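Working notes, beginning with the structure itself.
The values are calculated or read from the model by the stated rules, or taken from the named source; none is laboratory data. Here the structure is a predicted model, which means the values were calculated and not measured. A quick note on method: Cβ atoms are made from the backbone with ideal geometry, for glycine too, and the neighbour counts reach across all protein chains shown. Areas reflect the complete protein model, heavy atoms only, side chains present, ligands, DNA and RNA absent. Shrake-Rupley method; radii C 1.70, N 1.55, O 1.52, S 1.80 Å.
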Amino acid sequence: MKKTLITGGAGFIGYHLAKNLLANDYKVDLLDNFSRGVMDDELQMFSKEKNIKIINLDLSRTLSVEQIDNNYDYIFHLAAIVGVKHVMDNPYKVLDKNVILNKNALSICGNQKKLSRFIFFSTSEVYAGTLQNFELTFPTEESTPLSLPNLKDRRTTYMLSKIYGESMCHNAKVPFTIIRPHNFFGPRMGLSHVIPEIMKKIYDNKKGVVDVFSIDHKRTFCFIDDAVEIIRLLSESKLAKNEVYNVGVQDEEIRIDELVNKIINIFGKDISINPLPGTPGSPKRRCPSMVKAFKIIPYRHRFDLDKGLELTLNWYEKNVFNGNQESAL
C-alpha cells in the first residue's frame with residue numbers, strides 16, 4: 001500500500017484527490033491548518049475511513065517539517081494562499097507565505113526514505129504574462145515561454161510564487177511532477193470560484209436579471225473527478241518524472257455568458273444577463289493543450305460540462321443553498 005501526504009488536504013482539490021487515491025489502494029494523510037479548508041460533514045465522515053488521517057498543522061512554520069513522517073511514497077503539495085480576493089488584499093503575504101510553504105514541503109521531501117514523486121500544484125496563471133505581452137497560442141502547450149506581467153500588479157504575486165515554486169522543484173534534487181491546473185470545478189468547491197458563485201447568484205435571484213463580469217472571456221472547465229484521475233495517473237507514470245503538465249479540458253471552450261445561460265437553463269429560471277466590465281487582470285482566454293499528458297496516460301475525460309454542472313448544482317442545492325454546510329475554499 002502506497003503512503004501519501006497531501007498538503008492543503010482539507011480543501012476542494014485535496015479532498016477529491018484523497019478520495020481517488022483511497023479508492024486506488026493508497027494510505028492518505030491530509031495536512032491542513034484549516035485557515036481556508038473546512039471540517040464540514042463530508043470531511044468528518046471521510047476522516048473516519050480506514051487509511052485516512054487528518055494532520056492539523058501549519059506548514060508555514062519551519063518546525064512543522066520535523067513533525068512529519070519520513071516514509072511517504074508520494075507527496076502532493078497543494079497548500080498555498082489562493083483566490084483573487086486574498087491575492088488582492090494581501091499581495092506580499094502571498095509571495096512570502098507561498099515560497100515558505102514550498103520550501104518546507106521540499107524539506108519534507110528531503111527527509112523521506114523512499115519518495116517516488118513530489119507533485120507540485122502550480123497554476124494556469126503562469127501563462128498570463130505571455131498572453132498580455134505576446135501572442136499566446138491556444139490550446140496552450142507546456143513548452144510556451146513564460147513572460148511576466150507588470151510586477152506592480154497585485155495579482156501578479158500569485159503567479160510569481162508559483163513560477164518560483166516550479167523553479168524550486170527543478171533545482172531541489174527530488175523526483176517531481178509539476179501540475180498546471182486549468183479551471184477545475186465540482187462539489188465542495190468554494191463559493192468564490194466562478195461556477196459556484198454564478199450558481200449562488202442565480203439561486204438567490206429574485207429580480208430576473210443577474211450581473212455578470214467578463215462575459216466575453218473564454219474558458220474550458222474540467223470536472224474534478226476527471227482532474228484528480230489524470231493527476232494520479234501522471235504521478236504514477238515514470239515518463240512524467242521531472243516534467244510539467246497542464247491538467248484540464250482542451251476542446252470545450254465556452255464564453256462566460258454562455259456558461260451563465262447554461263446554468264440558468266439547469267435551474268429552469270427566466271433570468272437575463274446584465275453584462276459588466278471585465279475583471280481587472282483576468283485573462284481573456286484560458287485553454288490548455290492536453291496532448292502531452294494524453295501521450296503517456298490511458299485516459300480521456302468522462303464528464304462533459306453539462307454533466308459536471310448538473311452534479312455540482314445538485315450538491316450545492318443539497319448541502320449549501322438549502323443546507324447549513326460551509327464549502328471548502
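Assorted remarks:
- Flag if Ala18 is under 19 Å from the mean Cα position of the chain (by Cα) and at pLDDT 95 or above: yes
- Residues that are out of contact with any strand residue (DSSP E or B) (no Cβ under 7 Å at 6 or more places or on another chain) and among the β-branched types (Val, Ile, Thr), drawn from region 85-132: Val87, Val94, Val99, Ile100, Thr130
- For region 117-139, the set of residues classified as touching a Lys or Arg at 6+ places or on another chain (Cβ under 8 Å) and either among the charged types (D, E, K, R) or within 25 Å of Arg232 (Cβ to Cβ) (or both) consists of Arg117, Ser122, Thr123, Ser124, Glu125, Val126, Tyr127, listed by residue number.
- Picking from residues in region 149-188 that are open to solvent by less than 30 Å² (accessible area, probe 1.4 Å) and among the aliphatic types (A, V, I, L, M), the one that is farthest from His301 (Cα to Cα) is Val174.
- Residues in region 107-115 include none that are within 18 Å of Gly8 (Cα to Cα), open to solvent by less than 20 Å² (accessible area, probe 1.4 Å) and either of a type in the set (Asp, Glu) or not in a helix (DSSP H, G or I) (or both).
- Tallying residues that are buried (at least 24 other Cβ atoms within 10 Å of the Cβ), touching a helix residue (DSSP H, G or I) at 6+ places or on another chain (Cβ under 8 Å) and over 14 Å from Ser235 (Cα atoms) within region 16-32 yields 3.
- Counting only residues that are open to solvent by less than 80 Å² (accessible area, probe 1.4 Å) and either of a type outside the set (D, E, K, R) or modelled with pLDDT of 95 or more (or both), region 40-72 holds 18 of them.
- Residue within region 80-88 that is at pLDDT 95 or above and exposed (fewer than 15 other Cβ atoms within 10 Å of the Cβ) present: no
- The criterion of at least 3 residues that are in contact (Cβ under 8 Å) with a residue 60 or more places away in the chain is met, among strands (runs of 3 or more DSSP E) falling completely within region 1-95, by 2-7, 74-77.
- In region 239-258, the condition of being within 19 Å of the chain's Cα centre (by Cα), at pLDDT 95 or above, closer than 30 Å to Lys152 by Cβ and part of a strand (DSSP E or B) is met by at least one residue.
- Failed condition for Tyr127, given (1) modelled with pLDDT of 95 or more; (2) surrounded by fewer than 20 Cβ atoms within 10 Å (Cβ to Cβ); (3) over 30 Å from Asn324 (Cα atoms): (2)
- Answer residue from region 127-139, given it is among the aromatic types (Phe, Trp, Tyr) and either in contact with a helix residue (DSSP H, G or I) (Cβ under 7 Å, 6 or more places away or on another chain) or in contact (Cβ under 8 Å) with a residue 40 or more places away in the chain (or both) and is nearest to His182 (Cα to Cα) among those: Tyr127
- Within region 140-155, restricting attention to residues that are in contact with a helix residue (DSSP H, G or I) (Cβ under 8 Å, 6 or more places away or on another chain) and either at pLDDT 95 or above or outside any loop (DSSP other than H, G, I, E, B) (or both), the residue that is farthest from Asp251 (Cα to Cα) is Ser147.
- Among (1) within 19 Å of Gly190 (Cα to Cα); (2) modelled with pLDDT under 95; (3) open to solvent by less than 40 Å² (accessible area, probe 1.4 Å), the one test that Phe223 misses: (2)
- Among the residues listed as Ile179, Ile163, the single one being more than 25 Å from Leu276 (Cα to Cα) and in a strand (DSSP E or B): Ile179
- Scope region 276-301; condition in contact with a strand residue (DSSP E or B) (Cβ under 6 Å, 6 or more places away or on another chain), of a type outside the set (D, E, K, R) and open to solvent by 40 Å² or more (accessible area, probe 1.4 Å); matching residues: Leu276, Thr279
- Meets criteria (polar (S, T, N, Q), outside any strand (DSSP E or B), buried (at least 21 other Cβ atoms within 10 Å of the Cβ) and free of Cβ contacts under 8 Å to residues at least 60 places away in the same chain) for Asn104: yes
- Residues that are closer than 23 Å to Val247 by Cβ and either in a loop (DSSP other than H, G, I, E, B) or without any contact (Cβ under 8 Å) to a residue 40 or more places away in the chain (or both), drawn from region 259-289: Gly281, Ser282, Pro283, Lys284, Cys287, Ser289
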